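Structure record follows, encoded as C-alpha cells.
The values are calculated or read from the model by the stated rules, or taken from the named source; none is laboratory data. Predicted model, so just to flag it, every value in this text is computed and none were measured. With ideal geometry, Cβ positions are generated from the backbone for all residues, glycine too; neighbour counts draw on all protein chains shown. In case anyone asks, the SASA skips ligands and DNA or RNA and just uses the protein heavy atoms, side chains included. Shrake-Rupley method; radii C 1.70, N 1.55, O 1.52, S 1.80 Å.
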Amino acid sequence: MKTDQVLLRGRILSFNAEPQGPEDHAAYRYIEDGAILISSGMIRATGAFDQLSRQAPSVPVADHRPHLLMPGFIDTHIHYPQVQVIASWGAQLLDWLNDYTFPEETRFADPAHAEAMAEWLMAQLCAHGTTTAVAYASVHETSAEAFFTAAARRNMRMIGGKVMMDRNAPEALRDTPQTGYDASKRLIARWHGTGRAGYAITPRFAITSSPEQLEMAGALTAEHPECHVQTHLSENRDEIAYTLSLYPEAPDYLGVYERYGLLGPKTLLGHSIHLEPREIDLLAETGARPVFCPTSNLFLGSGLFDEAGLRARGICNAVATDVGAGTSYSMLQTLNEAYKVLQLQGQKLHPLNAFHWITRGNAVALGLEDRIGTLEPGTEADIVVLDSSATEPMALRMQRAETLSEELFVLQMLGDDRAVAETYVAGLPQKHAVTRAPRPALQPA
Ligand code: GUN
Ligand code: ZN
C-alpha cells in the first residue's frame, strides 16, 4: 500500500458542464454514498464507495459522511496586501484606494510583513474552502515572492503577480515602466510553472499606469503568452471619467487595454460593470473574462454586474471575492451576495449554477479545467468538505430541505467558513492548520 493514498467517503458532487436549467441532471454527477480515491496529490478515481473500497481495500478511509465533497473553491480576484483594510468605512473606489488601500500596501515593502500576511492568507483561504486564488500582490517584488512561497509551502495552486503602477499613487508604491517590467520578468522566471504556481501580469489599472508602462506590460504579455493578465475595468463612474481624461485618444476604457495588447482569453478584468456596447463587443471578440465581485461592488457602491447580459453574448464571466474591498473570504458568502445583485436586475442564480461557477466555472474561466474544478480522475486533489447543517439556523432549515438544490441553496445563502468541515489541498487536509492573527490593543472610539 502506498502511504500517500486515501479514500474520502461522503456525498459527492461535481459538475462536468454549465447547468442549462434546474432539471439539467446531465451537467453534474451526484453520488449519495460516494468516494474519491487519492494518491500522490491526484484524484485517481471517483465513484460509489462500495465499488472503490473493493478496488482499493487496503487504502485508509477518511469518512466524511454525511457531508458533501466538492472540488475546492476558486477565487479569481483577491488583493492579498489588503487583508488588514477589509471593512474600512465610508468611501467609494478612488477615495477608498487613496485613504486606506495605498497607505496599507506601502507596509508590504517589508518582506517580513508580507511573509506573515501571505502565510495568514493561505490559512484563511483553506479555512474557507478556497484552494485556488488569483491574487494581486503589492508593487514590491518581495510581496509576490512571499505570496508564492506561502502557497508553495501548502502546495496550493495559486496565480498571482506584483502590481505594476507608476503614477497616481504614493511615491513608495510606484515602480517605473522598466523596473515593473524587469521585476515581473524575474518573477515569471522564478515562479511560473514552479510547482503549482502561475504568474499573472498585473498592471493595476489604467489610472495608475502611464502609457509607457502599459506598453511594457503589453510587451511582457506578448513575450509570455503562457501567463495570465489581470487588471481592473469600469468599476466606478468617477474611475471611468478619470481614465478617459488620462487616455483622451481611447474610444472607451477597454480601448486602453486593447491599444496595448492586453486582451485575450487569459485576461481577467475585475468588475467590468459600466460597459459601453463597443466594450461588450470587444470582450466577446477577444475572449477576455470579466470578473464579478459582488461583495465588493455592494460595499463600495460600485454598481450591478450584468451577468446575464454578458453571458448572452457568449462572454465567460468569473466570480470572486475582491478582498479587501470585498467583505468576505468565503465563496459561499460571495454567492449569497451574487444572488442578491442578480435579483435586483431580475436575473436568477440557481444553486446548481452557483456551485458550478465557484468550481468548474471559474476553472474554465482560468483555462484550468483539466487540472482543477472537477473531481475527474487525473485532476489535482483539491477538495472541500461541506456541512450544510454547520450552524443552528442551517440545521433547522435543513430539516425541511428535500432536494440537493435546496441543500445547495442553504449553503449558498447561509454558509461561510463554518460550513467548511475540511479542505484538502493536493490530497492533504489543511483546514485545521489555521493560525490566528495577533490582535493589537484598540484606541477608544
Ligand atoms: N482598482 C484598482 N485597484 C483596485 C483595488 O485594489 N480594489 C478595487 N476594488 N478596485 C481597484
Ligand atoms: Zn481588485
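Within the set of pairs 6+ apart or on separate chains, which have a first residue in the range 372-383 that is within 18 Å of ARG11 (Cβ to Cβ), a second that is among the hydroxyl-bearing types (Ser, Thr, Tyr) and part of a loop (DSSP other than H, G, I, E, B), and C-beta atoms under 9 Å apart?
ALA381/SER40
For (1) open to solvent by 10 Å² or more (accessible area, probe 1.4 Å); (2) farther than 21 Å from ARG259 by Cα; (3) touching a Leu at 6+ places or on another chain (Cβ under 9 Å); (4) not in a strand (DSSP E or B), each residue gets a yes or a no:
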position	(1), (2), (3), (4)
GLU115	yes, yes, no, yes
GLN124	yes, yes, no, yes
VAL134	no, yes, yes, no
ASN155	yes, yes, yes, yes
ASP166	yes, no, no, yes
ALA169	yes, yes, yes, yes
ALA183	no, yes, no, yes
GLY193	yes, yes, no, yes
ALA200	no, no, yes, no
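For PRO71, only one of the following conditions fails: (1) within 30 Å of GLY47 (Cα to Cα); (2) free of Cβ contacts under 8 Å to residues at least 24 places away in the same chain; (3) not hydrophobic (A, V, I, L, M, F, W, C). What is its number?
Every condition holds for PRO71 apart from (2).
Please list, ordered by residue number, the helices (runs of 4 or more DSSP H) wholly in the range 272-368 having 2 or more residues that are in contact with a Gly (Cβ under 9 Å, 6 or more places away or on another chain), away from ligand 2 (no atom under 16 Å from the Cβ) and among the polar types (S, T, N, Q). Reasoning before the result, please.
Details: elements: 277-286, 294-299, 307-312, 331-343, 351-356, 362-366.
Filter on the range 272-368 gives 331-343.
For ASP110, only one of the following conditions fails: (1) surrounded by fewer than 20 Cβ atoms within 10 Å (Cβ to Cβ); (2) on the phi > 0 side of the Ramachandran plot. What is its number?
ASP110 satisfies all of (1) surrounded by fewer than 20 Cβ atoms within 10 Å (Cβ to Cβ); (2) on the phi > 0 side of the Ramachandran plot except (2).
Suppose the filter is within 26 Å of MET156 (Cα to Cα), modelled with pLDDT of 95 or more, open to solvent by 30 Å² or more (accessible area, probe 1.4 Å) and away from ligand 2 (no atom under 16 Å from the Cβ); does PRO103 pass it?
Criteria not met by PRO103.
Could you list, in sequence order, all residues of the range 265-286 that are open to solvent by less than 20 Å² (accessible area, probe 1.4 Å) and either in contact with a Pro (Cβ under 7 Å, 6 or more places away or on another chain) or on the phi > 0 side of the Ramachandran plot (or both)?
Within the range 265-286, LEU269, HIS271, SER272, LEU283 meet the criteria.
What helices (runs of 4 or more DSSP H), lying completely within the range 203-264, carry at least 3 residues that are closer than 26 Å to HIS192 by Cα, more than 15 Å from ligand 1 (Cβ to nearest atom) and open to solvent by 40 Å² or more (accessible area, probe 1.4 Å)? Steps first, answer last, please.
Numbers: elements: 211-223, 237-246, 253-259.
In the range 203-264, 211-223 are the helices (runs of 4 or more DSSP H) which contain 3 or more residues that are closer than 26 Å to HIS192 by Cα, more than 15 Å from ligand 1 (Cβ to nearest atom) and open to solvent by 40 Å² or more (accessible area, probe 1.4 Å).
Of the residues ILE43, ILE38, which is in contact with a Pro (Cβ under 6 Å, 6 or more places away or on another chain) and open to solvent by less than 40 Å² (accessible area, probe 1.4 Å)? Working first, answer last.
Values: ILE38 fails: in contact with a Pro (Cβ under 6 Å, 6 or more places away or on another chain).
Being in contact with a Pro (Cβ under 6 Å, 6 or more places away or on another chain) and open to solvent by less than 40 Å² (accessible area, probe 1.4 Å) holds for just one of ILE43, ILE38, which is ILE43.
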